[in-house]
Amino acid sequence: MLNDFEEHIASVKDFPNQGIVFRDITPILQDGKLFQAATHKLADYVKSRNADVIVGPEARGFIVGCPVATELGIGFVPARKPHKLPREVERASYDLEYGSNSLEMHKDAIKPGQRVVICDDLLATAGTLRACKQLVEDLGGNLVGAAFYIELPDLKGKEKLPGLDIYSLTKFHGA
């Protein structure tokens, strides 16, 4: 079935570190019709949240969020790794299940009161999502939702952001 996304996600054991199962969305991206279907589903969700702009964290959030923003005719704001943006930035640090990092956004990227949805490939421990949420709120935006290709419910990322509306195309339980 075209919209059975789970069967098109590759599971790669011990990547990037021992004990991690990496959920790889590139098989979806390589299939034009499947990529389009995933984009449409996320766009329907973003539209239902009445968003003004999408934030996508580096790097897969760019791949996921840009086509959704294009389909809806709304803006896209990249949340980049440190020292990649040329103007004044706001920064937030976060932990991943296998490390830590920071994200930055231009200080003028989100206008006060804008309704924002974050789009990314995967919700796991919610570190990246919490950093994006902090950036959006620090810049005066209103985070109204988050959309993902994949959610890993066993890692309880959704529970770390109570009250935030979260949508995912598919869920993987266990390893």
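Per-residue answers, yes or no, for (1) touching a His at 6+ places or on another chain (Cβ under 9 Å); (2) within 17 Å of LEU42 (Cβ to Cβ); (3) buried (at least 19 other Cβ atoms within 10 Å of the Cβ):
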position: ALA109; (1), (2), (3): no, no, yes
position: LEU122; (1), (2), (3): no, yes, yes
position: LEU152; (1), (2), (3): yes, no, yes
position: LEU169; (1), (2), (3): no, yes, yes
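Which condition does HIS173 not pass, out of (1) in a loop (DSSP other than H, G, I, E, B); (2) in contact with a strand residue (DSSP E or B) (Cβ under 6 Å, 6 or more places away or on another chain), if it passes all the others?
It fails just one condition, (2).
So which residues in the stretch 42-88 are more than 18 Å from VAL136 (Cα to Cα) and either at pLDDT below 95 or hydroxyl-bearing (Ser, Thr, Tyr) (or both)?
TYR45, SER48, THR70
Among the residues of the stretch 38-63 satisfying the criterion of being hydrophobic (A, V, I, L, M, F, W, C) and out of contact with any helix residue (DSSP H, G or I) (no Cβ under 8 Å at 6 or more places or on another chain), which is surrounded by the most Cβ atoms within 10 Å (Cβ to Cβ)?
Result: PHE62.
Could you check, for the stretch 90-113, whether at least one of its residues is assigned to a strand (DSSP E or B), in contact with a Leu (Cβ under 6 Å, 6 or more places away or on another chain) and hydrophobic (A, V, I, L, M, F, W, C)?
yes
In the stretch 102-126, how many residues are in contact with a Gly (Cβ under 8 Å, 6 or more places away or on another chain) and under 29 Å from ALA10 (Cβ atoms)?
Counting residues in the stretch 102-126 that are in contact with a Gly (Cβ under 8 Å, 6 or more places away or on another chain) and under 29 Å from ALA10 (Cβ atoms) gives 9.
Hey, can you tell me all the residues within the stretch 89-101 that are at pLDDT 95 or above and closer than 29 Å to LEU155 by Cα?
Of everything in the stretch 89-101, those that are at pLDDT 95 or above and closer than 29 Å to LEU155 by Cα turn out to be GLU90, ARG91, ALA92.
Please work out which one of (1) modelled with pLDDT under 95; (2) farther than 25 Å from ILE9 by Cβ is the condition LEU155 fails and give its number.
That leaves (2) as the condition not met.
Considering only the stretch 73-107, state which residues are surrounded by 23 or more Cβ atoms within 10 Å (Cβ to Cβ) and farther than 21 Å from ILE150 by Cβ.
VAL77, MET105
Give the residues of the stretch 138-149 that are surrounded by fewer than 19 Cβ atoms within 10 Å (Cβ to Cβ) and either more than 12 Å from ARG91 (Cα to Cα) or touching a helix residue (DSSP H, G or I) at 6+ places or on another chain (Cβ under 9 Å) (or both), sorted by residue number.
Scanning the stretch 138-149 gives GLY140, ASN142.
If the requirement is being within 17 Å of the chain's Cα centre (by Cα), of a type in the set (Val, Ile, Thr) and part of a loop (DSSP other than H, G, I, E, B), which of these qualifies: THR70, THR125?
THR125
Within the stretch 73-89, how many residues turn out to be of a type outside the set (A, V, I, L, M), part of a loop (DSSP other than H, G, I, E, B) and within 14 Å of GLU58 (Cα to Cα)?
Matching residues across the stretch 73-89 total 4.
Within the stretch 111-120, which residues are closer than 22 Å to PRO82 by Cα, surrounded by 14 or more Cβ atoms within 10 Å (Cβ to Cβ) and not β-branched (Val, Ile, Thr)?
CYS119, ASP120
The values are calculated or read from the model by the stated rules, or taken from the named source; none is laboratory data. Remember, predicted model here, so these are calculated numbers, not experimental data. Cβ sites come from the backbone with ideal geometry, for glycine too, and all protein chains shown count toward neighbours.
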